[in-house]
Amino acid sequence: MGLLPIILWLLFSGFYFGSFLPNTYFAKTNILEPFPDIVLQGLKYFKFQFFWDPISFIFIPLVFLIHLAFKQLRWALPIAFLYAVPFLFYILFIGGDFMAGRFFTSVVFFFGLVLARLPFRLKDGLITILLVIIYNFLFQFTPIHVDQIGSLSKNFVDGIANEKNIYYSKTAFRHRNTSGSILYKLARRAKLYKVDDSVVLRGQIGIFGYSLGPNYHIIDFYALSDALLSRLRGYGRVGHKKRFLPKGYIEGIKSGKNEITDLGLKEYYDGIRILTREYVWDKRRLELFWKYQFGKLRKYDAIYEFGKIQIENYPRIKIDTSLSE
C-alpha cells in the first residue's frame, strides 16, 4: 500500500512523459567519464560531507550503540542498515553530487526515524536539544553559520558546493532590502535579467527560468530540462554535465522543426519529439517508449556533428541592475 502512489506515478510518467525515470536521471548519469573516475569523485563527496556535516556519519554508529542499550529495537537497526548502507554505495557509484549534503539527507532521516521510536523522557529530549545547539556552533557550515559565506575555496571543492551559502545572500529573507537580493527586485517587479533572444542557452535555469516566464525557450546545456541533450553524453562537473550541442539544434528550436544536420541524431530526435510533443494517444508512442526506455535507443552513444557555438558566449545575457518596472 505504501508503494502504491509510486507505482501509480510511474505508470502516469511512462504514459504521459514517455519515460519512467525523470529527465534529470539521464542528464546526470549519461556521462563520458570512466567508472573509476566516478567512484573517485564519490569518495571526494564522502570526504567533503565528513568535514561539512559529520553528523551524517555519526548517526550510523549512534544507532548501533542505542540498539545495544534498547533491545526492543532489535528489528529497527537491521531495517535501517538494509536501506541506508546500499544507498551509501549508490552515492559512491554515481560519483556523489554537486550539492553538499543533499544525497545524505534520506540516510539521516531514516536513522532519525529509528531514534524517534526510543522511549525518551523529557530529560533526554532536553539533552538532545542541547547537543544539537552545541553541534551547530562547532561546525562552520551548519545552518546557524549560513550567513558567514567565507571564501569560494571553502564553499566549492572538487566540484562540490555549499549551495546554501552561495545563494543565501541573494535569496535569504534577511537580505530582502539589499540591492543584490532577488527578493528586493521581485518586490519592486523589476526584471532580473535582460535577454536579447527568445531562445536562450544557459545552465542553472531555476531562478532564471522563473524570472523569464513562458515566452522564452531555455536550452539547458546541463540537459536537466532537455529531453534530447540528456540522452547525449555529458562531461564536466559532477551533476552538471555539459553537452556538445548538435549542429542545427538551436535553429530547430527557433523554427519549431527538426533541423539537426547529423542524419543519425536527427532520426533519433524525431523519436524523442514524438514521445514528448505529439498527441499522447499517438500509436507510435507505445513502440517508441519501449525502445527509448529499455532498448538500444535508451542513450545515444554515436559520434555526432555538433556546432561551434561556445556555451559561455551564447546568448547575450545581462543581469538587470535597474529597478524600473
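Can you confirm whether the stretch 90-103 contains a residue that is over 22 Å from His240 (Cα atoms) and open to solvent by less than 50 Å² (accessible area, probe 1.4 Å)?
Among the residues of the stretch 90-103, not one is over 22 Å from His240 (Cα atoms) and open to solvent by less than 50 Å² (accessible area, probe 1.4 Å), which makes the answer no.
On the given criteria, is Phe26 buried (at least 16 other Cβ atoms within 10 Å of the Cβ) and either under 21 Å from the mean Cα position of the chain (by Cα) or not hydrophobic (A, V, I, L, M, F, W, C) (or both)?
Criteria met by Phe26.
Within the stretch 188-205, count every residue that is surrounded by 15 or more Cβ atoms within 10 Å (Cβ to Cβ) and not hydrophobic (A, V, I, L, M, F, W, C).
4
One residue is enough: does the stretch 204-221 have a residue meeting the conditions more than 25 Å from Gly271 (Cα to Cα) and touching an Asp or Glu at 6+ places or on another chain (Cβ under 8 Å)?
yes
Anything in the stretch 208-221 that is closer than 19 Å to Tyr168 by Cα and open to solvent by 60 Å² or more (accessible area, probe 1.4 Å)? List them, or say none.
Scanning the stretch 208-221 gives a single hit, Tyr210.
Output the residue which, of all residues in the stretch 173-217 that are part of a loop (DSSP other than H, G, I, E, B) and in contact with a strand residue (DSSP E or B) (Cβ under 6 Å, 6 or more places away or on another chain), is farthest from Ser230 (Cα to Cα).
In this case the residue turns out to be Tyr216.
Tell me the residue from Tyr235, Tyr249, Tyr269 that is closer than 24 Å to Ile94 by Cα, out of contact with any Phe, Trp or Tyr (no Cβ under 7 Å at 6 or more places or on another chain) and in contact (Cβ under 8 Å) with a residue 12 or more places away in the chain, please.
The conditions single out Tyr235.
Among (1) open to solvent by 50 Å² or more (accessible area, probe 1.4 Å); (2) over 30 Å from Tyr16 (Cβ atoms); (3) out of contact with any strand residue (DSSP E or B) (no Cβ under 6 Å at 6 or more places or on another chain); (4) not in a helix (DSSP H, G or I), where does Ile166 come up short?
(4)
State which residue pairs qualify: first residue more than 21 Å from Lys299 (Cα to Cα) and inside the stretch 28-43, second residue part of a helix (DSSP H, G or I) and open to solvent by less than 60 Å² (accessible area, probe 1.4 Å) in any location, beta carbons under 8 Å apart, and separation of 6 or more residues or different chains.
Val39/Leu92; Gly42/Ile91; Gly42/Leu92; Leu43/Leu92
Against the condition within 30 Å of Ala80 (Cα to Cα), loosely packed, with under 15 Cβ neighbours inside 10 Å and at pLDDT 80 or above, how does Thr128 come out, does it pass?
no
For Gly271, which of the numbered conditions (1) farther than 30 Å from Glu163 by Cβ; (2) open to solvent by 40 Å² or more (accessible area, probe 1.4 Å) fails to hold?
Gly271 satisfies every listed condition except (2).
For the stretch 252-288, what are the residues that are hydrophobic (A, V, I, L, M, F, W, C) and within 15 Å of Ile219 (Cβ to Cβ)?
Result: Ile253, Ile260, Ile272.
Find all pairs meeting these conditions: Cβ atoms under 6 angstrom apart; at least six residues apart or on different chains; first residue within the stretch 286-306 and among the hydroxyl-bearing types (Ser, Thr, Tyr); second residue not in a helix (DSSP H, G or I).
Tyr300/Leu232; Tyr304/Pro246; Tyr304/Asp262
Residue under question is Asp37, and the condition is that it be of a type in the set (Asp, Glu), in contact with a helix residue (DSSP H, G or I) (Cβ under 6 Å, 6 or more places away or on another chain) and within 30 Å of Ala227 (Cα to Cα); does it hold?
When the stated conditions are applied, Asp37 does not pass them.
I want to confirm something. Restricting to the stretch 29-45 and keeping residues that are open to solvent by less than 40 Å² (accessible area, probe 1.4 Å) and part of a helix (DSSP H, G or I), which single residue is nearest to Leu118 (Cα to Cα)?
So the residue we want is Tyr45.
Being under 22 Å from Ala27 (Cβ atoms), in contact with a strand residue (DSSP E or B) (Cβ under 7 Å, 6 or more places away or on another chain) and assigned to a helix (DSSP H, G or I) is the filter here; which residues of the stretch 251-302 pass it?
Ile253, Leu265, Tyr268
Does Ile58 fit the bill of being modelled with pLDDT under 90, open to solvent by less than 50 Å² (accessible area, probe 1.4 Å) and more than 28 Å from Phe221 (Cβ to Cβ)?
So Ile58 does not fit the description; no.
The values are calculated or read from the model by the stated rules, or taken from the named source; none is laboratory data. These figures come from a predicted structure and were not determined experimentally. All Cβ positions, glycine included, derive from the backbone under ideal geometry; neighbour counts span all protein chains shown. To get the accessible areas, we keep the full protein, side chains included, count just its heavy atoms, and leave off ligands, DNA and RNA. Shrake-Rupley method; radii C 1.70, N 1.55, O 1.52, S 1.80 Å.
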